[in-house]
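Undergrad: Pasting in a structure now, in structure tokens, and then I'll have a few things to ask.
The values are calculated or read from the model by the stated rules, or taken from the named source; none is laboratory data. What you are looking at is a predicted structure, and each value in this text was computed from that prediction instead of being measured. With ideal geometry, Cβ positions are generated from the backbone for all residues, glycine too; neighbour counts draw on all protein chains shown. Just so you know, the surface numbers come from the protein's heavy atoms only, side chains and all, with ligands and any DNA or RNA stripped out. Shrake-Rupley method; radii C 1.70, N 1.55, O 1.52, S 1.80 Å.
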Amino acid sequence: MGAIGAGMYHPGKLTRLVEESDVDVVMLSGRYTLLDQSALDELLPACTDRGVSVLAASIFNSGLLATARPSDGATFDYAPAAPQMIERAHRIADVCEAHGVTLPALAMAFPLLHPAVSGIVVGMRTAEEVHRNVAAFATEFPDQVWDDLRGEGLLDERAPVRA
């Protein structure tokens with residue numbers, strides 16, 4: 001048994017592929033994360049309609065969401081993060097801390113709440129990062145964390161927040 005798919009950053013091109021072919025899976029990099037939910041515009045609805053599975057990759061947005069608190073030198077989309085993006089990540093981290101969870105754990109959990117997303121792809125460089133991410137992946141989240149993120153305007157209203 002096999003599957004045919006494609007992966008890239010551009011949700012519009014993947015949407016076209018989903019709508020015009022019979023792919024089984026797409027890998028979307030960095031466009032369905034806590035910081036960028038642009039895949040909700042077209043790609044995720046198209047995948048849901050056509051039964052195409054999505055693998056959400058680059059869920060830490062190349063580093064900005066990979067630690068409990070982003071540093072000033074953090075990257076977003078493989079470039080230095082803009083101050084407003086760092087501030088947004090700090091606001092999300094504030095909500096996480098208020099609920100006793102971490103930003104990386106939430107970043108891994110968020111994409112999986114969408115019915116089209118069947119898995120996440122997480123880049124790691126060291127054994128320590130592997131162990132930390134495996135432990136964070138098992139985190140349970142109170143429903144209130146999602147409600148608070150919405151209340152702070154940090155999540156798109158269209159993003160599913162209940163499994």
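Undergrad: Which residues, counting only those in the stretch 98-120, are open to solvent by 20 Å² or more (accessible area, probe 1.4 Å) and either assigned to a loop (DSSP other than H, G, I, E, B) or under 15 Å from Gly63 (Cβ atoms) (or both)? Give the derivation first.
TA: Just the residues of the stretch 98-120 that are open to solvent by 20 Å² or more (accessible area, probe 1.4 Å), to begin with: 98-100, 102, 109, 112-113, 115, 118, 120.
Of everything in the stretch 98-120, those that are open to solvent by 20 Å² or more (accessible area, probe 1.4 Å) and either assigned to a loop (DSSP other than H, G, I, E, B) or under 15 Å from Gly63 (Cβ atoms) (or both) turn out to be His99, Gly100, Thr102, Leu113, Pro115.
Undergrad: Which pairs have Cβ atoms under 7 Å, sit 6 or more apart or on different chains, and link a residue in the stretch 20-35 that is under 20 Å from Glu157 (Cα atoms) to one that is open to solvent by less than 10 Å² (accessible area, probe 1.4 Å) and polar (S, T, N, Q)?
TA: Gly30/Asn61; Thr33/Asn61; Leu35/Asn61
Undergrad: Tell me, which residue of the stretch 47-74 that is surrounded by fewer than 20 Cβ atoms within 10 Å (Cβ to Cβ) and touching a Ser or Thr at 6+ places or on another chain (Cβ under 8 Å) is farthest from Val101 (Cα to Cα)?
TA: So the first thing to find is which residues in the stretch 47-74 are surrounded by fewer than 20 Cβ atoms within 10 Å (Cβ to Cβ), and the list is 48-51, 53, 55, 62-63, 67-69, 71-73.
Still in the running and touching a Ser or Thr at 6+ places or on another chain (Cβ under 8 Å): 53, 55, 62-63, 68.
Values: Ser53: 28, Leu55: 24, Ser62: 20, Gly63: 18, Ala68: 9 Å.
Per the stated criteria, the residue is Ser53.
Undergrad: Okay, moving on. Filter the stretch 121-139 down to the residues that are outside any helix (DSSP H, G or I) and surrounded by 12 or more Cβ atoms within 10 Å (Cβ to Cβ), then identify the one that is modelled with the lowest pLDDT.
TA: Checking each candidate, the answer is Met124.
Undergrad: Of the residues that make up the stretch 140-151, is at least one at pLDDT 95 or above, open to solvent by less than 70 Å² (accessible area, probe 1.4 Å) and touching a Gly at 6+ places or on another chain (Cβ under 8 Å)?
TA: Taking every residue of the stretch 140-151 in turn, none turns out to be at pLDDT 95 or above, open to solvent by less than 70 Å² (accessible area, probe 1.4 Å) and touching a Gly at 6+ places or on another chain (Cβ under 8 Å).
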